[in-house]
Amino acid sequence: MKKKILAIDVGGINIKAGIATEQGKVDEFVEIQTPKSDGPQGVFASILTILRIFNISSNQLNAISIGLPGPVGKDGIIYNPPNLQSWGVVDIPSDLARFLNYPRENIYAANDASLAALAEYKFGNGRGANPMIMLTLGTGIGGGIIIDGKPFTGKNGFAPELGHIVLDPNGPRCGCGRLGCAEAFVSHKGIVRTAWELLKRDKGSIMWSLMKESSNRIIPEVVKDAALLGDPAANRVIELTAQKLGLLLTDLINIFNPERIVIGGGITMLGKLLIEPARKYAIKKSLKRLSRDVTIVKAKFSQKAGVLGAAAMALEKIHNRL
């Protein structure tokens, strides 16, 4: 295979892209802002801009592979992604093929979290583990499951929705409309909500003063810094979040009996403060015969996980059609 792959990770805030080789190596990498208007056409135009940045034309590519933040079917159609405004239902391969005048059969699309899991399985801290589960903790919770070397995506390609496992049916409302989903607790929004609930009762918390450095906003970094300074409220925020993460991990262990669980995403900047107590909770609460061989680790990749996963997906598709 002499041609290269354009691997793309479309996020609600940024689009990351790279030119990947058949070895899965990303030779070039760029990150640009996701357009806030024009729907999918705006993202398609951004892909054209990325090609110009890389000084490459579409006819020099063997494939275009895209990860997207939302439910993507096996046919590459995405359905109403919550973090991409004005998208609705979009047939990514067909619409992008028309936009770029590029063969539809060489365009692949999948959920971004599933692709991040594939990247960790192929090249990262989940390499070779079977089954392997990845959680991405950020604005929401994404996830991917690799079984026998293949992403598990269910009958129609929409699975798994690990962030919408219900941890407390009387809990806070999730963005999906239901109550008590994991995403309502173990995410950027969930941590901020928990912090505000505690701050209302603790006017002496260090977090109040640290907030001044973040435009008077509570962000996970503020919680971490305050916790490291010994602030009781901040440590309680992390304790409550770790318990919910541990409960989610317990469910995953009991259902899938994984060899390894990899945790990535922006919330992992809390590091061992969050992951270690969650790991201990999960090992204690899950069935011993299922948890005795599992390892729970932090992801290897951060910025390039989605791009590497998109490249890995394309390589498999190309191999299968040869």
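For the pair residue 48 and residue 33, the difference between a 0.36 nm per residue extended length and the Cα-Cα distance amounts to 4.0 nm.
Taken about its Cα centre, the chain carries a charge dipole of roughly 540 debye when the Cβ of each Lys and Arg holds +1 and the Cβ of each Asp and Glu holds -1.
In the stretch 68-83, whose amide N lies under 15 Å from the spot 7 Å out along Cα-to-Cβ of residue 176? List them in ranges. Inside the label zone: 70-72, 79-83. Modelled label positions at residue 257 and residue 3, each set 7 Å beyond Cα in the direction of Cβ, lie 4.4 nm from each other. Using the Cβ-Cβ distance between residue 59 and residue 148 with R0 set to 45 Å, the FRET efficiency from 1/(1 + (r/R0)^6) comes to roughly 0.80. With a Förster radius of 35 Å applied to the C-beta separation of residue 320 and residue 285, the computed FRET efficiency comes to 0.30. For residue 179, the amide hydrogen comes within under 5 Å of the amide hydrogens of 174, counting only partners 5 or more places away or on other chains and with H modelled in the peptide plane. When the charge dipole of the chain is built from unit charges on Cβ atoms (+1 for Lys and Arg, -1 for Asp and Glu) and taken about the Cα centre, the candidate among 235, 88, 313 whose Cα reaches farthest toward its positive end is 235. Simple point charges give the picture: +1 on the Cβ of Lys and Arg, -1 on the Cβ of Asp and Glu, and for the stretch 125-298 a dipole about the Cα centre of about 240 debye. Taking Lys and Arg as +1 and Asp and Glu as -1, the other residues whose beta-carbon sits under 13 Å from that of residue 199 total +3. Measuring between their Cα centroids, the stretch 128-181 and the stretch 252-315 lie 12 Å from each other. Here the chain yields Rg over Rh of 0.99, to two decimals, using C-alpha coordinates and the Kirkwood radius.
The three principal axes of the Cα atoms in the stretch 125-298 give end-to-end lengths of 51, 32, 26 Å, sorted in falling order. Each residue of the stretch 273-286 was assigned a 3J(HN,Hα) from its phi angle through the Karplus curve 6.51 cos²θ - 1.76 cosθ + 1.60 (θ = phi - 60°); the sequence is 4, 9, 5, 5, x, 5, 4, 4, 4, 5, 5, 5, 8, 7 Hz, with glycine and proline shown as x. Among 136, 34, 241, a tally of other beta-carbon atoms within 10 Å of each Cβ gives an order, fewest to most, of 34, 241, 136. Rounded to the nearest whole Hz, the Karplus-based 3J(HN,Hα) values (6.51 cos²θ - 1.76 cosθ + 1.60, θ = phi - 60°) of the stretch 213-227 follow the sequence 7, 10, 6, 6, 10, 7, 10, x, 4, 5, 4, 4, 4, 5, 4, with x at glycine and proline.
Take peptides 117-129, 72-84, 95-107 and line them up by average Cβ neighbours within 10 Å, highest first, as a rough protection proxy.
Result, highest mean first: 117-129, 72-84, 95-107.
For the pair residue 168 and residue 213 in one chain, pulling the backbone fully straight at 0.36 nm per residue adds 12.8 nm over the alpha carbon distance. Measuring how big the stretch 235-322 is from its alpha-carbon positions, Rg and Dmax come out at 15.8, 55 Å. Computed 3J(HN,Hα) for the stretch 112-123, one whole-Hz value per residue from the Karplus formula 6.51 cos²θ - 1.76 cosθ + 1.60 where θ = phi - 60°, is 5, 5, 5, 6, 4, 5, 4, 5, 5, 5, 7, 10, glycine and proline marked x.
Taking every C-alpha pair closer than 8 Å and separated by at least 6 residues, the mean separation divided by the residue count of the chain gives a relative contact order of 19 percent.
Of the beta bridges DSSP finds with both residues in the chain, what % are antiparallel, to the nearest 5?
Just about 55 percent of them are antiparallel.
Evaluated with a Cβ-only charge set (Lys, Arg +1; Asp, Glu -1), the stretch 41-133 carries a dipole of roughly 180 debye about its Cα centre, given to the nearest 20.
Throughout, read-outs are computed from the coordinates displayed, never taken from laboratory work. Keep in mind that this is a model prediction, so the values were computed, not measured. Heads up, the Cβs are rebuilt from the backbone with ideal geometry, glycines too, and the neighbour counts pull from every protein chain shown.
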